[in-house]
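Here the structure comes first, spelled out in structure tokens, and everything after it is commentary.
The values are calculated or read from the model by the stated rules, or taken from the named source; none is laboratory data. Note that this is a predicted model, so its numbers are computed, not measured. Note that we place each Cβ from the backbone using ideal geometry, even for glycine, and neighbour counts take in every protein chain shown.
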Amino acid sequence: MRRTTATWQRIALQSMTAALLVLSVHATRLAAQERAGSSSPEDTVRALESARTQALLHADTTALSRMVADEFVEVSRFGTLRTKADNMREISSGALKLTSVKYDSVTVRIYGDVAVLRGIADNTGTLRGFPFSGKLWYTRVFVRRDGRWQAVAMQHTMLQ
């Protein structure tokens, strides 16, 4: 069977298209690896805070538990001291339900293996059946252990 010039051109075009596809997939993977490897600690902590938002909205205590150290303590908007166990229990039981979590003015400062995140949170939800909403300043402190950031402390102050 004799191949025409058009057939050879089609084969060459298909080969080039396949090669370009393989190269573009490889280049995309390399670019993703570079972005992952070059993200700053500040960006990593911001991304963790965004993931925390989604976990809160979906009451995903498994994800939240990975993000929070066992020794975590929080001074709530009401001035009460709360632990990781307190938060996980209220979220898993449905006593605490968040329907909206928005952040503003978020800053992150890195001090070696410690990160301090500060921002304004605007949360809406219910706590033990009572609705709440409002803005508050918050500070969350993270520690990097084994290459992973975890929250160890948090403090809220209501905005008037």
Any idea which of (1) touching a strand residue (DSSP E or B) at 6+ places or on another chain (Cβ under 7 Å); (2) farther than 17 Å from TRP149 by Cβ is the one ASP86 doesn't satisfy?
(1)
Right, ARG128: over 18 Å from the mean Cα position of the chain (by Cα), surrounded by 15 or more Cβ atoms within 10 Å (Cβ to Cβ) and either outside the structural domain of ALA153 (by TED's automatic domain parsing) or modelled with pLDDT under 95 (or both) or not?
no
Qualifying positions in the stretch 41-81 - at pLDDT 95 or above and part of a loop (DSSP other than H, G, I, E, B):
HIS58, ALA59, ASP60
Pair list, Cβ < 7 Å and 6+ apart or interchain, from the stretch 41-68 residues that are of a type in the set (Asp, Glu) to residues that are assigned to a helix (DSSP H, G or I) and surrounded by fewer than 15 Cβ atoms within 10 Å (Cβ to Cβ)
none
Can you tell me which of (1) free of Cβ contacts under 8 Å to residues at least 40 places away in the same chain; (2) closer than 30 Å to SER39 by Cα; (3) buried (at least 17 other Cβ atoms within 10 Å of the Cβ) is the one ILE120 doesn't meet?
(3)
Kindly indicate the residue of the stretch 136-149 that is more than 16 Å from the chain's Cα centre (by Cα) and loosely packed, with under 14 Cβ neighbours inside 10 Å and also modelled with the lowest pLDDT among those meeting that condition.
ASP146
